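Have a look at the structure below before the remarks.
Derivation of every value follows stated rules applied to the coordinates shown; laboratory data play no part. Since the structure is predicted, the reported quantities are computational estimates derived from the model, not experimental observations. With ideal geometry, Cβ positions are generated from the backbone for all residues, glycine too; neighbour counts draw on all protein chains shown.
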Amino acid sequence: MKQHIELSPRLRLAADLVPQGARLADVGTDHAYLPACLLLEGKIPWAIASDLRQGPLNRARETARQYGCGDKMAFRLCNGLAGIRPGEVDAIVIAGMGGETIAQILEAAPWVREEKIPLVLQPMSSLPELREWLEKNGYAIAREQLAQEGDTLYVVMGVTAGEMGEQTPGQLWAGRQSRDPLRGEYLAQQERKLRRAVEGMAKSRGEETQQRRRELEQVLSEISAMKEEWQKWQM
Ligand SMILES: C[S@@+](CC[C@H](N)C(=O)[O-])C[C@H]1O[C@@H](n2cnc3c(N)ncnc32)[C@H](O)[C@@H]1O
């Protein structure tokens, strides 16, 4: 029987933000490496591995079998949190999905906010949309950290019910100031991405595109200022 799972840096960071001793739901689990790893490490006593599709859920069962932790796991085939009842879990991970999908999953499960369940969210896209949705729907981003895999930086958020105050356009785009050592590189990447988008839009004559270009220019100047502040803080 295999005893140890080596998580990728992205999943390792998400796993590290799970509270000790929590009964965990891993939504969109696919291979279920994260909950299986935390069970093997003894950090959590029990987990629900859930997925929208049968193929990934079969992979989750296979991981549990290989690592001998199936007796501490339940498997649910469901959309988001639809198959998980309030009171069953103390923490939820939603990793490896688009920010808009994560927001839809939370929108459909208001009990998560009412019960103040701690969340670990790892969006792959639409981060500004997710940050804005959280702000406007009674969630606060308590922390954001970064994980690096090759050239890609992944954001992992620790989120709880609460007020976080209004985020500026730049903060929606790049998160609030954090002391993560990868923050400088993250801001530089976002700056490059925004600059490319703004330059691409400059060629278009459409009023809608020009309006969007002006908005992104504002975000770009805010992020450049954040990056400068970060560099000063590093000296
Ligand atoms: C890219 S995998 C991520 C797997 C793992 N969480 C990770 O971060 O490595 C995304 C998984 O989410 C599942 N998924 C997508 N939308 C979902 C939804 N609305 N509810 C539950 N699972 C969903 C997919 O079937 C897929 O297995």
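Here is how the numbers come out for the structure above:
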{"quantity": "Residue-averaged [θ]222 nm for the chain, counting only DSSP H segments that reach four residues, each worth -39500 (n - 2.57)", "calculated": "-14500 deg cm²/dmol"}
{"quantity": "For GLY96, residues with placed amide H under 5 Å, excluding near neighbours", "calculated": "GLN122, MET124"}
{"quantity": "Neighbourhood charge, 12 Å Cβ-Cβ cut-off, centred on VAL198 and excluding it, Lys, Arg +1 and Asp, Glu -1", "calculated": "+4"}
{"quantity": "Extension gain from ALA202 to TRP111, taking 0.36 nm per residue of separation minus the Cα-Cα distance", "calculated": "28.3 nm"}
{"quantity": "Cα-derived Rg over Rh, computed across the chain with Rh taken as Kirkwood radius", "calculated": "1.01"}
{"quantity": "Choice from THR152, THR101, THR63 with maximal GNM fluctuation in the chain (Cα, 10 Å cutoff)", "calculated": "THR152"}
{"quantity": "Förster-model FRET efficiency, 35 Å R0, GLU229 and THR160, C-beta, rounded to 0.05", "calculated": "0.85"}
{"quantity": "Peptides 83-94, 2-13 ordered by average Cβ neighbours within 10 Å, highest first", "calculated": "83-94, 2-13"}
{"quantity": "Computed E for MET124/ARG195 - FRET, C-beta separation, R0 35 angstrom, nearest 0.05", "calculated": "0.95"}
{"quantity": "Dipole moment magnitude, nearest 20 debye, the chain about Cα centre, only Lys, Arg, Asp, Glu C-beta charged", "calculated": "380 debye"}
{"quantity": "Alpha-carbon centroids, the stretch 160-231 and the stretch 65-104: separation in whole Å", "calculated": "32 Å"}
{"quantity": "Cα-based Lys pair tally, the chain, threshold under 18 Å, eight or more apart or on separate chains", "calculated": "6"}
{"quantity": "Positive-pole candidate from PRO128, CYS37, VAL18, dipole of the chain, charges at beta carbon", "calculated": "CYS37"}
{"quantity": "Using θ = phi - 60° and Karplus 6.51 cos²θ - 1.76 cosθ + 1.60, couplings along the stretch 30-42 (whole Hz; Gly, Pro as x)", "calculated": "6, 6, 6, 4, 5, x, 5, 4, 5, 5, 5, 6, x"}
{"quantity": "Coil-residue GluC sites (Glu not before Pro) of the stretch 158-235, DSSP, other Cβ within 10 Å capped at 16", "calculated": "GLU163, GLU166"}
